Amino acid sequence: MAAAAPPPPPTAAPEPNMVPPLTSPIGHPIFSRIRLATPSDVPFIHKLIHQMAVFERLTHLFSATESGLTSTLFTSRPFQSFTVFLLEVSRSPFPTTITSPSPDFTPFLKTHNLDLPIEDPESYNFSPDMLNDVVVAGFVLFFPNYSSFLSKPGFYIEDIFVREPYRRKGFGSMLLTAVTKQAVKMGYGRVEWVVLDWNVNAIKFYEQMGAQILQEWRVCRLTGDALEAFDQVNI
């Protein structure tokens, strides 16, 4: 019997395609923008402050109104008095050609590639324009102060807040960085704020950002009736 023919040589394995198809989505990108707030943003600022009061367990101290915010927040040029940065997010890229509403500040734009989409059940309450998908996700309110030790002005951050669906994704770091970069740009000497002692996550976050937590200082405050009583005091 004739010997069987040898088997054919094995076919070379195809080279793996390491480049995903162009049609394959990579994660869940979300686009963010930090811009100067304007008077038309007051309804969102008011809602953000109320949510912050709920988070900090201080709703009993909350008495802000939209009319009060409108009449006090936008009385001076940005950075000369009270200033608000708004954090906005969108599933579509923000345009880069729109002129900034103020020559004092150019908005920051950033793209975030997330593993999972963000679910925001309150997005309809924080949308400046119902015709697009831009949503207000947070804010920071700050104003100038002064350090006699440094003989330089600085910024004091009164409020910094990111809404719950957008936390732990780098947005708080963006807001804080925007304020500190502006301080450096203006030659200021420091940026300060306070944090509640029970808010361990915030304390760790600020320390990771390089902030020094001053344990020896306590906030002193006169407000309400105690403040008004000084109108009757003779100097």
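The values are calculated or read from the model by the stated rules, or taken from the named source; none is laboratory data. From a predicted model like this one, the values you see are computed outputs, not experimental measurements. So basically every Cβ, Gly included, is an ideal-geometry build from the backbone, and we count neighbours across all protein chains shown. For accessibility, only protein heavy atoms count, side chains too; no ligands or nucleic acids. Shrake-Rupley method; radii C 1.70, N 1.55, O 1.52, S 1.80 Å.
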Is one or more of the residues making up region 70-83 over 14 Å from ALA37 (Cα atoms) and surrounded by 14 or more Cβ atoms within 10 Å (Cβ to Cβ)?
-> no
Is region 193-209 home to any residue that is under 30 Å from PRO95 (Cβ atoms), in a helix (DSSP H, G or I), out of contact with any His (no Cβ under 7 Å at 6 or more places or on another chain) and among the basic types (Lys, Arg)?
-> no
How many of the residues in region 113-134 are farther than 17 Å from HIS50 by Cα and crowded, with 20+ Cβ neighbours inside 10 Å?
-> 1
Within region 46-54, is even one residue under 19 Å from LYS181 (Cα atoms) and either of a type in the set (A, V, I, L, M) or within 16 Å of the chain's Cα centre (by Cα) (or both)?
-> no
Starting from residues that are among the aromatic types (Phe, Trp, Tyr) and touching a helix residue (DSSP H, G or I) at 6+ places or on another chain (Cβ under 7 Å), keep the ones in region 26-63 and report whichever is surrounded by the fewest Cβ atoms within 10 Å (Cβ to Cβ).
-> PHE62
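Among the candidates VAL179, VAL184, which residue alone is open to solvent by 90 Å² or more (accessible area, probe 1.4 Å), under 26 Å from LEU36 (Cα atoms) and in a helix (DSSP H, G or I)?
Numbers: VAL179 fails: open to solvent by 90 Å² or more (accessible area, probe 1.4 Å).
The conditions single out VAL184.
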Over region 88-147, the set of residues of a type in the set (D, E, K, R) and more than 30 Å from TYR188 (Cβ to Cβ) is ARG91, ASP115, GLU119, ASP120, GLU122, ASP129, ASP133
Index of the failed condition, VAL194 passing every other in (1) over 24 Å from LEU69 (Cα atoms); (2) in contact (Cβ under 8 Å) with a residue 12 or more places away in the chain = (1)
Filter region 217-235 for residues that are among the aliphatic types (A, V, I, L, M) and part of a helix (DSSP H, G or I); which is most open to solvent (accessible area, probe 1.4 Å)?
-> LEU227
What number of residues in region 58-90 are in contact (Cβ under 8 Å) with a residue 60 or more places away in the chain, more than 21 Å from SER173 (Cβ to Cβ) and not hydrophobic (A, V, I, L, M, F, W, C)?
-> 2
Would you mind telling me which numbered condition in (1) of a type in the set (D, E, K, R); (2) surrounded by 14 or more Cβ atoms within 10 Å (Cβ to Cβ); (3) farther than 25 Å from LEU48 by Cα LYS169 fails?
-> (3)
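Looking at this structure, is THR111 farther than 16 Å from GLU158 by Cα and out of contact with any strand residue (DSSP E or B) (no Cβ under 6 Å at 6 or more places or on another chain)?
Numbers: farther than 16 Å from GLU158 by Cα: yes; out of contact with any strand residue (DSSP E or B) (no Cβ under 6 Å at 6 or more places or on another chain): no.
So THR111 does not fit the description; no.
Got at least one residue in region 194-203 being of a type in the set (Phe, Trp, Tyr), within 29 Å of SER32 (Cβ to Cβ) and open to solvent by 60 Å² or more (accessible area, probe 1.4 Å)?
Going residue by residue through region 194-203, those that are of a type in the set (Phe, Trp, Tyr) are 198.
Applying the additional criterion that residues be within 29 Å of SER32 (Cβ to Cβ) yields 198.
Restricting the remaining residues to those that are open to solvent by 60 Å² or more (accessible area, probe 1.4 Å) gives 198.
Yes; the residues of region 194-203 include at least one that is of a type in the set (Phe, Trp, Tyr), within 29 Å of SER32 (Cβ to Cβ) and open to solvent by 60 Å² or more (accessible area, probe 1.4 Å).
With the structure loaded, tell me whether PHE105 is touching a residue at least 60 places away in the same chain (Cβ under 8 Å) and part of a loop (DSSP other than H, G, I, E, B) or whether it fails that test. Lay out the reasoning, then the answer.
Numbers: touching a residue at least 60 places away in the same chain (Cβ under 8 Å): yes; part of a loop (DSSP other than H, G, I, E, B): yes.
Against the criterion (touching a residue at least 60 places away in the same chain (Cβ under 8 Å) and part of a loop (DSSP other than H, G, I, E, B)), PHE105 qualifies.
Residue-by-condition table, conditions (1) of a type in the set (Ser, Thr, Tyr); (2) in a strand (DSSP E or B); (3) on the phi > 0 side of the Ramachandran plot; (4) at pLDDT 95 or above:
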{"position": "SER81", "(1), (2), (3), (4)": "yes, no, no, yes"}
{"position": "GLU88", "(1), (2), (3), (4)": "no, yes, no, yes"}
{"position": "THR99", "(1), (2), (3), (4)": "yes, no, no, no"}
{"position": "LYS110", "(1), (2), (3), (4)": "no, yes, no, yes"}
{"position": "ASP120", "(1), (2), (3), (4)": "no, no, no, yes"}
{"position": "PHE142", "(1), (2), (3), (4)": "no, yes, no, yes"}
Quick count over region 195-235, residues being among the small types (Gly, Ala, Ser) and within 22 Å of ARG167 (Cα to Cα), is 3
